[in-house]
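Asks: Structure in structure tokens, see below.
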Amino acid sequence: MGAINAANFPGHGNSNGVTAGFKLDLAFDALNNHILHQQFSPARESDKKLGKQLIENIQPNDLVLRDMGYFSIESFSNIEAQSAFWISRLPSSINVLLENGKSLESKLRLRKNDYIDEVVTLGLDGSFKARLVGVRADDQTAETRRRSRRETAQKFGNTPRNQSLIRDGWHLILTNLDTSVSSKELFDFYATRWRVETKFKAWKQALNLKPTLKRYSNYHHLACIALAGLIHQLITTHIFSMIQSVSRRTLSYEKLSEVISSYFSSLTLSTLSDPITMEERYIRMDRRSRKSLMDKLQLLK
């Protein structure tokens, strides 16, 4: 959102001045492919605070997948208190100790193979235990992460922590699931969280909201645009789930979102009752040629 709208949608600001923005918080049931909860919030609302609102919806044996922005030991404890499970990526700022009291980095630095599976402790008092599973990142991924971290630190006149640079060479996740769940299964589970990212990416691209949100307008107009986008997302998710349940092909949520967006854009008073028509071949997922982390996990013993 353009900074011109900062009065109505204030952001955190940056070195260039004020910023504007809002958040769309989404809780998604990956097993049944439907949205549990969506919330439109100011940009200054913290992810951790928004994440706590999910706790009341958790049922025993649920599996909660969290991105790093929602990382909270308190929330993980609350999830466990509900007899549920969680998986989260590990932020570079969180100190982690092995059971022998040494730092995680001391082991990652000397680790010769590409895999680690350890019980670790978190928190200032080391009272919270979790299972850490890591797979070494390929050289290109590791170098890209470290370059980005150094460039970001340099902008603020800082030097990146050695702890962060070491972790950039690994894919690291934490969980309370025990070893009856394999490392590959853990990463497979966590990979489903990308459906949320895919939906937001599709939402922004298909609706082409960037030019609209950069223009100045009042609060109610901009809020209506955002909420209309959420309605579009709900409809797309429902249709995607229906088609996927009968299709043998892997479908693209982004392509479907574009088809539905085009359909809504072409509606007139005389065509409001016209059904959405599409050919499945236009919404199929493109085949990947580059090996993924899941391919790498297949080689682990």
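Asks: State the number of residues belonging to region 94-131 that are without any contact (Cβ under 8 Å) to a residue 24 or more places away in the chain, within 23 Å of Asp168 (Cβ to Cβ) and among the polar types (S, T, N, Q).
Replies: Total meeting the criteria: 2.
Asks: Then there is this: Could you say whether any residue in region 226-244 is surrounded by 14 or more Cβ atoms within 10 Å (Cβ to Cβ), in contact with a helix residue (DSSP H, G or I) (Cβ under 9 Å, 6 or more places away or on another chain), closer than 25 Å to Ile87 by Cα and touching a residue at least 60 places away in the same chain (Cβ under 8 Å)?
Replies: Checked region 226-244: at least one residue is surrounded by 14 or more Cβ atoms within 10 Å (Cβ to Cβ), in contact with a helix residue (DSSP H, G or I) (Cβ under 9 Å, 6 or more places away or on another chain), closer than 25 Å to Ile87 by Cα and touching a residue at least 60 places away in the same chain (Cβ under 8 Å).
Asks: Next question, about the same structure. Give the residues of region 9-31 that are without any contact (Cβ under 8 Å) to a residue 12 or more places away in the chain and in a loop (DSSP other than H, G, I, E, B), sorted by residue number. Working first, answer last.
Replies: We begin by selecting, within region 9-31, every residue without any contact (Cβ under 8 Å) to a residue 12 or more places away in the chain; these are 13-14, 16, 29, 31.
Within region 9-31, Gly13, Asn16, Leu31 qualify.
Asks: Out of region 113-165, which residues are polar (S, T, N, Q) and loosely packed, with under 11 Cβ neighbours inside 10 Å?
Replies: The initial filter retains those residues of region 113-165 that are polar (S, T, N, Q), namely 113, 121, 127, 140-141, 144, 148, 152, 154, 158-159, 162-164.
Result: Asn113, Ser127, Gln140, Asn158, Thr159, Asn162.
Asks: Just to check your reading of the model, which residue among Val119, Val133 is over 16 Å from Arg89 (Cβ atoms) and assigned to a strand (DSSP E or B)? It would help to see each step written out before you state the result.
Replies: Working: Val133 fails: over 16 Å from Arg89 (Cβ atoms).
None of the others qualify; the one that does is Val119.
Asks: Within region 208-217, can you find the residues that are in a helix (DSSP H, G or I) and open to solvent by 50 Å² or more (accessible area, probe 1.4 Å)?
Replies: Of everything in region 208-217, those that are in a helix (DSSP H, G or I) and open to solvent by 50 Å² or more (accessible area, probe 1.4 Å) turn out to be Lys210, Pro211, Lys214.
Asks: Checking the condition open to solvent by less than 30 Å² (accessible area, probe 1.4 Å), touching a strand residue (DSSP E or B) at 6+ places or on another chain (Cβ under 7 Å), more than 25 Å from Arg149 (Cα to Cα) and not aromatic (Phe, Trp, Tyr), which residue from Ala20, Ala6, Ala43 passes?
Replies: Ala6
Asks: Let me ask something else. So, in region 230-254, how many residues would count as being touching a strand residue (DSSP E or B) at 6+ places or on another chain (Cβ under 8 Å) and under 24 Å from Tyr282 (Cβ atoms)?
Replies: Looking only at that region, the number is 12.
Asks: Further question: Scan region 74-96 for residues that are open to solvent by 10 Å² or more (accessible area, probe 1.4 Å) and either more than 26 Å from Lys184 (Cβ to Cβ) or in a loop (DSSP other than H, G, I, E, B) (or both) and jot them down.
Replies: Correct list: Glu74, Ser77, Asn78, Ala81, Gln82, Ser83, Leu90, Pro91, Ser92, Ser93, Ile94, Asn95.
Asks: May I pose another question? Scan region 32-57 residue by residue and report those that are in a loop (DSSP other than H, G, I, E, B) and more than 18 Å from Phe71 (Cβ to Cβ).
Replies: Listed by number, the residues that qualify are Asn32, Asn33, Ala43, Arg44.
The values are calculated or read from the model by the stated rules, or taken from the named source; none is laboratory data. Since we're looking at a predicted model, the values are computed, not measured. Don't worry about glycine lacking a Cβ; one is built from the backbone with ideal geometry, like all the others, and counts go over all protein chains shown. Only protein heavy atoms, including side chains, enter the accessible area calculation; ligands, DNA and RNA are left aside. Shrake-Rupley method; radii C 1.70, N 1.55, O 1.52, S 1.80 Å.
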